[in-house]
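J.: This is the structure, below, for whatever I ask next.
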Amino acid sequence: MSDQVNAPVAVIVLAAGAGTRMKSAKPKIMHEIAGRSMVVHALHAAAALEPKNLVAVVRHQRDLVAAHILDHFPQLTIADQDEVPGTGRAVQQGLQAVDGYPEGTVVVTYGDVPLLTSEVLKDLVAVHEAQGNAVTVLTTELDDPTGYGRILRDAQGDVTAIREQKDATAEELAVKEINSGIYAFDAAMLTSALQEVTTENAQGEMYLTDVLAIARNRGGRVATAQISDRWQIEGANDRVQVQRLGQVLNERLCEHWMRQGVTIIDPSSTWIDTTVVLSQDVTIKPGTQLHGNTMIGTGAVIGPDTTLTNVVVGQNATIKRTDATDSRIGEGATVGPFTYLRPGTELGSDGKIGAFYETKNVSIGRGSKLSHLGYAGDAEIGEYTNIGCGNITANYDGVKKHRTKIGSHVRTSSNTVFVAPVEIGDGAYTGAGAVVRKNVPAGALALSVAPQRNSEGWTLAKRPGSASADAAFKAALDTSDIE
């Protein structure tokens, strides 16, 4: 049914509220769950209707909110709400931003309902147009409807009005069917009816809900489209509600991916952004967070205790106890444990970045290994090279960064330091503790050899009375006894 709807003439997203209960310098609708702000979630659902006009009505921290919205939806129209309070006034000003006299269907939704799906909005429009309604209200029933406007019906079950909490009688407060605040309107009727809406109510606001009574008095049909999934119309006014919405959305994302063939060992400790893409037979272990534009290939194993942000992982790769950002991991590669991949890291297929390693702006070729306790930054490493324990690229001279180039089939010994800029040829070796300051030709062995000098009696002379001196003295006595 939802696939057959016509494009609305406009979808108006109300995003003007201050959100004071958030107690935050950041506007309420810009708080994030699952990798997107609440308003961006709402706009994605709205944009899926492909309306002729997509409008966001803003007021609180206007410039900040408008810039955030336009960064994600540059073709969207921004409308400003003036001093007149109320959702009716917000919609009226949203309509004024639409070119010409609107005809067709206008959908009104909110910037703080991040779980609302495009499918629900499409069904709302489909019901509205199939029944020829003047107004169609999206509703649900709650065991505790406190705070919501109540749906009032006549004996025949037709909607007569929506009564706001503060204006409701005791009998009306007992009604459990609530108004979501999300509507489909006949555009011409809405434009005309808003001119009759006043601020004569307990809140002193222009209620959008007053349009329903006006439409009914004019002979228009006011109907509902009811959903059972209350979370889709749940808004957030404080951080507790934001957390609950984020948890519900994450549970749904985990369930979605499990049904697509992903194994998630512990969904309660796994967090996945809306923008993440997972392939079949991926395994996600506990304590894993997948953010941004992360993409995981078939058969990869991620976690435990791993955070990936904008990371592309190839098929059958393994990543554990790793924090990685803006990186690419090749097929069959292994990363971790306790590994830190900074932006620009590219690990080739079947390669390895092992325990306690940090990388940044480095490309590592097929089959190459950086196994333990090192740092590789601003570097290029060829294929099937083995970088020894404790190796680092000294890439910064205090002013500028410099690159290190290490060829293929290179073998470097423990504690080698590459003082960039420097190049190591294919098949070269380095000795233990080498400090490489000059280019090393292909097939050469680079050594930093200095004679070892032992200063006899130094501890007794320079650290008298210390535990070391006592131990040295005892050792000397033991040696003399043997001799």
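Readers should treat all values here as calculations from the given coordinates under stated rules, not as data from a laboratory. Values in this document were obtained by computation on a predicted structure and should not be read as measured data. Glycine also receives a Cβ, built like all others from the backbone with ideal geometry; neighbour counts cover every protein chain displayed.
J.: If you fit an axis through the alpha-carbon atoms of helix 87-96 and take the longest principal axis of the Cα set of the chain, what angle between them do you get, 0 to 90°, nearest 10?
T.: Once rounded, one gets 90 degrees.
J.: By per-residue mean of other Cβ atoms within 10 Å, what is the highest-first order of 448-459, 111-122? Kindly include the intermediate steps, with their values, before the conclusion.
T.: Numbers: 448-459: 8.4, 111-122: 22.8.
The packing order, highest mean first, is 111-122, 448-459.
J.: Moving to a separate point now. State the three equivalent ellipsoid semi-axes of the chain, derived from the C-alpha gyration tensor as the square roots of 5 times its eigenvalues, in descending order and whole Å.
T.: Output for the chain: semi-axes of 66, 24, 21 Å.
J.: Could you work out the relative contact order of the range 2-233? I mean the mean sequence separation of Cα pairs under 8 Å and 6+ apart, divided by the number of residues, in percent.
T.: Details: 471 pairs, mean separation 55.7, N = 232.
So the answer I get is 24 percent.
J.: Give Lys369/Lys401; Lys369/Lys438; Lys28/Lys360 a once-over and call out the pairs whose C-alpha atoms are over 31 Å from each other.
T.: Details: Lys369/Lys401 23 Å; Lys369/Lys438 23 Å; Lys28/Lys360 35 Å.
Check vs 31 Å cut-off fails for Lys28/Lys360.
J.: Right, next: Could you give the nm distance between label points at Arg244 and Gln315, where each point is 7 Å from its Cα heading toward the beta carbon?
T.: With each label placed 7 Å out from Cα toward Cβ, I get 4.5 nm.
J.: Arrange the following residues from fewest to most other Cβ atoms within 10 Å of their Cβ: Ile296, Ile264.
T.: On the way: Ile296 27, Ile264 23.
Final ranking by Cβ density, sparse to dense: Ile264, Ile296.
J.: To the nearest 10 degrees, how steep is helix 38-47 against the longest Cα principal axis of the chain, on a 0 to 90 scale?
T.: 60 degrees
J.: Size of the dipole of the chain about the Cα centre, Lys and Arg at +1 and Asp and Glu at -1 on the beta carbon, nothing else charged, in debye to 20?
T.: Values: 43 positive and 55 negative charges, 375 e Å.
Roughly 1800 debye for the chain.
J.: Would you calculate a helix-derived [θ] at 222 nm for the chain, using -39,500 (n - 2.57) for each DSSP H run of n ≥ 4 and dividing by the full residue count, to the nearest 500?
T.: Numbers: 10 runs with 106 residues, N = 483.
Helix contribution divided over all residues of the chain: -6500 deg cm²/dmol.
J.: Sticking with this structure for a sec: Using alpha carbon centroids, what distance separates the range 256-276 and the range 315-342, in Å?
T.: 18 Å
J.: Follow-up question, since we're still on this one. If I take the Cα coordinates of the range 246-446 and project them onto the principal axes, what are the three extents in Å, biggest first?
T.: The principal-axis extents, from largest down, are 57, 32, 21 Å.
J.: Still on this structure, please answer the following. Taking the DSSP beta bridges in the chain as the whole, what percent of them are antiparallel, to the nearest 5? Walk me through the numbers before you get to the answer.
T.: Values: 18 of 101 bridges.
Of all bridge pairs located within the chain, approximately 20 percent are antiparallel.
J.: Got a sec? How would Ser228, Ser37, Ser468 order by Cβ neighbour count within 10 Å, fewest to most?
T.: On the way: Ser228 7, Ser37 23, Ser468 12.
The order, fewest Cβ neighbours first, is Ser228, Ser468, Ser37.
J.: Through the Karplus equation 6.51 cos²θ - 1.76 cosθ + 1.60, θ set to phi - 60°, convert the phi angles of the range 121-126 into ³J(HN,Hα) values in whole Hz; use x for Gly and Pro.
T.: Values, residue by residue: 5, 5, 5, 4, 5, 4 Hz.
J.: Moving on. For the chain, what relative contact order do you get, as a whole percent, if you take Cα pairs closer than 8 Å and at least 6 residues apart? The partial results should precede the final answer.
T.: Details: 1222 pairs, mean separation 38.7, N = 483.
With pairs under 8 Å counted, the relative contact order is 8 percent.
J.: In what sequence, highest mean first, do 347-354, 235-242 appear when ranked by Cβ atoms within 10 angstrom? Spell out each step's value before the answer.
T.: On the way: 347-354: 23.1, 235-242: 17.0.
Result, highest mean Cβ count within 10 Å first: 347-354, 235-242.
J.: Relative contact order for the range 360-407: what percent, with Cα pairs under 8 Å and sequence separation of 6 or more?
T.: Numbers: 97 pairs, mean separation 17.9, N = 48.
With pairs under 8 Å counted, the relative contact order is 37 percent.
J.: Given the peptides 336-346, 208-218, arrange them by the average over their residues of other C-beta atoms within 10 Å, most packed first. Let's see the in-between values first.
T.: Values: 336-346: 19.1, 208-218: 20.7.
Peptide ranking by packing, descending: 208-218, 336-346.
J.: Hey, which lysines would be in cross-link range of Lys474, C-alpha to C-alpha under 23 Å, not counting anything within fewer than 8 residues on its own chain?
T.: Lys462
J.: While we're looking at this one, here's another question. What lysines could a cross-link reach from Lys166, if we take a straight Cα to Cα line under 17 Å and drop same-chain neighbours fewer than 8 places away?
T.: Leaving aside lysines fewer than 8 places away in the same chain, those within reach of Lys166 are Lys176.
J.: Cut-off is 10 Å between beta-carbons; in what order do Met30, Met258, Met38 appear when sorted fewest neighbours first? Please list the in-between numbers first.
T.: On the way: Met30 20, Met258 14, Met38 27.
Result, fewest neighbours first: Met258, Met30, Met38.
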